[in-house]
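Student: Here it is, the structure, as structure tokens.
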Amino acid sequence: MKGIVFEGNGKMTVETVPDPSIQQPGDVIVRVSKAGICGSDLHILNHGEAFGFDHGCRIGHEFVGEIVEVGADVTSLRVGDKVCAPFWISCGDCHFCRKGLQTSCLHGGCFGFQAFWPGEGAVQGGQSQFVRVPMAEGTLDRVPEAIADDANDHRLLPMTDVFPTAYHAVRCADISPGDNVVVVGDGAVGLLAAHAARLFDPKSIVLLGHHHDRLAIGRELGATHTIDTRAGSPEDTLKDLTDGLGADRIVLAISSPETMAFAVEQIQPGGSISWVGMEVFLGAPEIPWDAAFMKNITISGGVAPVKRYLPELWPLLESGRIDPSPVLTHDLPLDDGAEGYAVMNSRQEGSVKVALTPGG
Ligand SMILES: [Zn+2]
Ligand SMILES: [Zn+2]
């Protein structure tokens, strides 16, 4: 079968990789109908060698598809089920899985990340035709019947990572009705955080970014205000919007030293800041603890336990109350995967996120 592999910094290629087979009785095999390229995959593309990726390592942690084979111990999933694969593999049964923190599963790991693979067999990547899913009953979520069709893949694929990550950020920010909310970052997670914040009835949702095309999608998805950070001063606009008091809640879809310093400066006393950006691996944000102390602020966030949130998100997706599909600006055949990486890595005008179709 075909799959995308890392072949050194700057090089992702589509190659023939071994067909997966059931290795443990809890495994299933999924035929991938749609896979996503993630911002974190760009970190692998650009810096994979520093992160310990071997050449030839399979990539991709966002995929939806259909189960085509189940292991002997799998009883709650069947051949033919349409499934969503949260990026983190989890057993469903350990202390942390039972607490709903599946990303800390004692036996878990991540698709398409060599350092986080749970240690049985070759690393499996979602950007391929088929994937072996370990601990499948703990890991996968069955898509509700009414939307379990490949035709809905553009709504379903963001549920593997970017929408639940945005939702996690919004939940950690603890929005109350009437709050002024600021979202920093106009990538897929930032845009969807603006979309998810609507669910909690804030007074305003201010999206900060510097791509006009992306800010336009943010307004479509629910941002009440957008600020081009290269054109104007966000501080002045936020002052006007909040009567000079500062934002009630700030969501950092980009977690860098600069965004954290901005957030601690702009949050009002008693407010909360959440952070979900992968930039922490490139240099941890320095939190101005003295200002944070004097303002009594809460800082919360981290890697999103997607599996925990899916049951409460499916009804919202089914009813149309959420629709994350506008962040998928491109859909290319898997064979054109290298081009998909180039589109995202160059921040090509009009691009946010690229979907890949193995059958396309
Ligand atoms: Zn992702
Ligand atoms: Zn577990």
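Student: If packing is taken as the mean number of other Cβ atoms within 10 Å per residue, what is the order of 72-82, 158-168, 92-102, highest first? It would help to have the intermediate numbers written out before the result.
Tutor: On the way: 72-82: 13.8, 158-168: 27.9, 92-102: 15.9.
Highest to lowest by the protection proxy: 158-168, 92-102, 72-82.
Student: Ok, one more. Check Cys57: other-chain or 5+ apart residues with amide H under 5 Å from its amide H, H built from backbone geometry?
Tutor: The list, which skips near neighbours in sequence, is Phe6.
Student: Let me ask something else. Kindly work out what percent of the DSSP beta bridges joining two residues of the chain are antiparallel, to the nearest 5. Don't skip to the answer; put the middle values down first.
Tutor: Numbers: 29 of 56 bridges.
Percent antiparallel among DSSP bridges in the chain is about 50.
Student: May I ask for the angle, rounded to the nearest 10°, between helix 257-266 and the longest principal axis of the chain, with both axes built from Cα atoms and the value confined to 0 to 90°?
Tutor: Around 40 degrees separate the two axes.
Student: Going by average Cβ neighbours within 10 Å, how do the peptides 244-251, 123-130, 189-196, 305-312 rank, with the highest at the top? Each step should come with its number before you reach the end.
Tutor: Working: 244-251: 22.5, 123-130: 26.1, 189-196: 30.8, 305-312: 19.9.
Descending mean neighbour count gives 189-196, 123-130, 244-251, 305-312.
Student: With both bridge residues required to lie in the stretch 163-301, what share of the DSSP beta bridges run antiparallel, to the nearest 5%? Don't skip to the answer; put the middle values down first.
Tutor: Values: 0 of 22 bridges.
The antiparallel fraction comes to roughly 0 percent.
Student: Cβ under 13 Å from Phe96's Cβ, Phe96 left aside: what net charge do those residues give with Lys, Arg +1 and Asp, Glu -1? Intermediate values should be presented prior to the final figure.
Tutor: On the way: positive: Arg98, Lys99, Lys307, Arg308; negative: Asp93.
So the surrounding residues net to +3.
Student: Tell me, what does the Kirkwood hydrodynamic radius of the stretch 1-152 come to in angstroms if you use every pair of distinct C-alpha atoms? Each step should come with its number before you reach the end.
Tutor: Details: mean 1/r = 0.0644 Å⁻¹.
One decimal place: 15.5 Å for the Kirkwood radius.
Student: While we're here: Multiply the residue gap between Thr229 and Leu106 by 0.36 nm, knock off their C-alpha separation, and tell me the result in nm, one decimal place.
Tutor: On the way: separation 123, 0.36 × 123 = 44.28 nm, distance 4.11 nm.
Separation in residues times 0.36 nm, less the Cα-Cα distance, equals 40.2 nm.
Student: Between the helical axis of 306-319 and the dominant principal axis of the chain, each derived from Cα atoms, what acute angle in degrees is found, rounded to the nearest 10?
Tutor: That helix lies at roughly 80 degrees to the long axis.
Student: Something else now. Which of rounded, prolate, oblate describes the chain, given a ≥ b ≥ c as roots of the alpha-carbon gyration tensor eigenvalues and a/c under 1.5 marking rounded, otherwise prolate only if a/b is larger than b/c?
Tutor: Numbers: a/c = 1.76, a/b = 1.62, b/c = 1.09.
Prolate.
Student: Return the lysines within reach of Lys203: Cα separation strictly under 17 angstrom, same-chain partners fewer than 8 residues apart disregarded; answer none if there are no such residues.
Tutor: Lys239
Student: Which value, in debye to the nearest 20, gives the size of the charge dipole of the stretch 303-360 about its Cα centre, when Lys and Arg are +1 and Asp and Glu are -1 at the Cβ?
Tutor: Working: 5 positive and 8 negative charges, 71 e Å.
In total the dipole reaches around 340 debye.
Student: Let me ask another. Please tell me which of these pairs span more than 28 angstrom C-alpha to C-alpha: Lys2/Lys353; Lys11/Lys82; Lys307/Lys353?
Tutor: On the way: Lys2/Lys353 21 Å; Lys11/Lys82 32 Å; Lys307/Lys353 22 Å.
Pairs exceeding 28 Å: Lys11/Lys82.
Student: Quick check on the stretch 163-301: take the gyration tensor over C-alpha atoms, sort the square-rooted eigenvalues as a ≥ b ≥ c, and tell me if it's rounded (a/c under 1.5), prolate or oblate. All intermediate terms of the calculation are to be shown ahead of the outcome.
Tutor: Values: a/c = 1.28, a/b = 1.16, b/c = 1.11.
Rounded, since a/c falls under 1.5.
Student: A follow-up question, please. Going by the alpha-carbon gyration tensor, a ≥ b ≥ c the square roots of its eigenvalues, is the stretch 228-355 rounded (a/c under 1.5) or, if a/c is not under 1.5, prolate (a/b greater than b/c) versus oblate?
Tutor: Numbers: a/c = 1.90, a/b = 1.60, b/c = 1.19.
Taking the square roots of the gyration eigenvalues as a ≥ b ≥ c, the stretch 228-355 is prolate.
Student: Which FRET efficiency, nearest 0.05, do Ile22 and Arg142 yield, Cβ-Cβ r, R0 25 Å? Please list the in-between numbers first.
Tutor: Details: r = 19 Å, r/R0 = 0.75.
Working from the Cβ atoms, E equals 0.85.
Student: In nm, to one decimal, how far is the modelled label at Thr75 from the one at His210, with both set 7 Å along Cα→Cβ?
Tutor: Taking the two extended label points, one gets 5.7 nm.
Just so you know, all these numbers are worked out from the coordinates, no wet-lab data involved. Values in this document were obtained by computation on a predicted structure and should not be read as measured data. Don't worry about glycine lacking a Cβ; one is built from the backbone with ideal geometry, like all the others, and counts go over all protein chains shown.
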